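S.K.: Mind looking over this structure? Questions follow.
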Amino acid sequence: MAFGRRRRQEADEADFIDGEPEPEEHAGTVDNPRGPYDVEDAPRDDIHRLDVGALRVPALEGAQIQFQVEEASGRPMSVVVADGHSAMELAVFAAPKTRGLWDDVRAEIIEQLQANGGSPHTVDGRYGRELELALPTPVPGQLVPGRMIGIDGPRWFVRAVMTGPGALDPSRAPLLEETLRQLVVVRGDDAMPVRDPLPLKLPKEVSDHVEGLDEDGDGTGTEATSGRPQMPTPGARIAELR
């Protein structure tokens, strides 16, 4: 499912183009005892996190990390973390300085799904209101259960989409839940239109792997890997880290 692009008509110009950070606390930020963290508040720990641009993704033991890329440009659009049974897609977007995005985005998604005959359910989760919904797969007419989590931070918004058993019961995907809790967001100071994706990049570990595949001429550098729950973001899925 695409990230909603409809902007509230009453949003002012300051909300449309995000400017320099302000010292005031972000109005939409949820006070969580753990992350996702803004880079300014990230803990000093021994967790190895992959540098993927606007995100620092914890490379936890047992997790498989993949990247959804835009086919035309090869630019990463989101990160997919899997545990062999469930998967979680992570994407991050620019947000206003004065309010969060999740309430608006959630309402838009519910409206879109209901207009198409869907029946999304709003439930209470660790990060507040979450959406339980059915997500499309590459098989025509086949849907899988999903859970969408929205997290508002200081001038950023993280969208996490779970599929597999973890979408129905978070306790069945503890590795993915811990990945989300240990995630770090690097917003940067550049002004960006609200709701635009924050720039991602392939980490060095993946870039080196893909270059090696391409040099070998096996054509698998941008092939989608199989055997994982399908995520609702278009594009090829490339080189996984285990």
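S.K.: Just give me the residues in the range 140-163 being of a type in the set (Gly, Ala, Ser) and at pLDDT 95 or above, in sequence order.
M.R.: Hits for the range 140-163 are Gly146, Gly150, Gly153, Ala160.
S.K.: For the range 52-83, give me each residue that is surrounded by fewer than 16 Cβ atoms within 10 Å (Cβ to Cβ) and either among the aromatic types (Phe, Trp, Tyr) or touching a helix residue (DSSP H, G or I) at 6+ places or on another chain (Cβ under 9 Å) (or both).
M.R.: Glu61, Gly62
S.K.: Does the range 188-201 contain at least one residue that is in contact with a strand residue (DSSP E or B) (Cβ under 8 Å, 6 or more places away or on another chain), under 21 Å from Ala82 (Cβ atoms) and basic (Lys, Arg)?
M.R.: Among the residues of the range 188-201, at least one is in contact with a strand residue (DSSP E or B) (Cβ under 8 Å, 6 or more places away or on another chain), under 21 Å from Ala82 (Cβ atoms) and basic (Lys, Arg), which makes the answer yes.
S.K.: Checking Leu133 against (1) modelled with pLDDT under 95; (2) assigned to a strand (DSSP E or B); (3) more than 17 Å from the chain's Cα centre (by Cα); (4) not basic (Lys, Arg), only one condition comes out false. Which one?
M.R.: The failed condition is (3).
S.K.: Restricting attention to the range 108-130, report how many residues are among the basic types (Lys, Arg) and either in contact (Cβ under 8 Å) with a residue 60 or more places away in the chain or not in a strand (DSSP E or B) (or both).
M.R.: Residues in the range 108-130 being among the basic types (Lys, Arg) and either in contact (Cβ under 8 Å) with a residue 60 or more places away in the chain or not in a strand (DSSP E or B) (or both): 1 in total.
S.K.: Could you list, in sequence order, the residues of the range 85-107 that are surrounded by fewer than 17 Cβ atoms within 10 Å (Cβ to Cβ) and either modelled with pLDDT of 95 or more or assigned to a strand (DSSP E or B) (or both)?
M.R.: Within the range 85-107, His85, Asp103, Ala107 qualify.
S.K.: Working only within the range 14-65, note down all residues that are in a strand (DSSP E or B), modelled with pLDDT under 95 and touching a Lys or Arg at 6+ places or on another chain (Cβ under 8 Å).
M.R.: Selection gives Asp18 alone.
S.K.: Another one. Based on this model, can you work out whether Ser226 counts as at pLDDT 55 or above, more than 16 Å from the chain's Cα centre (by Cα) and of a type in the set (Ser, Thr, Tyr)?
M.R.: Criteria not met by Ser226.
The values are calculated or read from the model by the stated rules, or taken from the named source; none is laboratory data. Because the structure is predicted, anything quoted here is derived from the model rather than measured. Glycine also receives a Cβ, built like all others from the backbone with ideal geometry; neighbour counts cover every protein chain displayed.
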